[in-house]
Amino acid sequence: MIIKKSLSKVARIIAPLLVLSYPLSVFAASDDETWAIFGFLLMMILIFMIVGTILLSVMAMYGFTIWMIVDAVQRDFEQQMVWLVLMLVFLLFFPFVGFAIAFVYYFAVRRKDLGTKKDSQSKKSK
């Protein structure tokens with residue numbers, strides 16, 4: 001069952017690559033060596049661009065989640081330990097869920113707290 005789900009996920013990622021690379025494979029299948037090399041290089045560039053985009057996205061998600069963990073450690077509020085445990089556990093075992101929790105933390109705790117700080121600062125200046 002687990003293998004079937006894993007293969008399904010891999011197939012969802014690879015299928016668009018194969019569809020996009022088919023026109024390029026026509027070059028690779030030609031008899032002319034120059035076109036074959038050109039087609040192969042185009043396919044590799046396409047694959048590296050897609051993989052690079054995915055890697056950059058994952059790095060940005062990890063970075064955001066770690067930023068929110070650091071913010072939760074520095075901030076003093078009621079449910080600090082709950083948020084920290086949720087973000088840390090899910091970051092380690094289910095990174096996409098950890099990112100979603102960090103995103104919720106940003107709007108539920110951090111942004112709300114930033115709004116109250118701005119209001120109190122404006123009242124002090126008056």
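Rule-based calculations on the coordinates, nothing more; no lab input. Nothing here was measured: the structure is a model prediction, and the numbers come from that model. Quick reminder, even Gly has a Cβ in these numbers, built from the backbone with ideal geometry, and neighbours come from all protein chains shown.
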Handout entry: Neighbour-count ranking [beta-carbon atoms within 10 angstrom, fewest first] of V109, V104
Key = V104, V109
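Starting from 0.36 nm per residue, how many nanometres of slack lie between K112 and L88 once their C-alpha separation is accounted for?
Details: separation 24, 0.36 × 24 = 8.64 nm, distance 2.16 nm.
Difference between extended and current length: 6.5 nm.
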Handout entry: Cα-projected label distance for T53 with F103, points at 7 Å along beta-carbon direction, nm
Key = 1.8
Handout entry: Burial order of peptide ranges 85-98, 48-61 (average beta-carbon count within 10 Å, highest first)
Key = 85-98, 48-61
Fill in the blank from the handout: Here the gain from full extension of L42 to V73, 0.36 nm per residue of separation minus their alpha-carbon distance, amounts to 6.5 nm
Exercise for the section: Kindly put D71, D76, D113 in sequence by how many other C-beta atoms sit within 10 Å of each C-beta, fewest to most. Expected result: D76, D113, D71
Exercise for the section: Loop only per DSSP, at most 13 neighbouring Cβ atoms within 10 Å: give me the chymotrypsin sites (Phe, Trp or Tyr not before Pro) in region 49-80, ordered by residue number. Expected result: F77
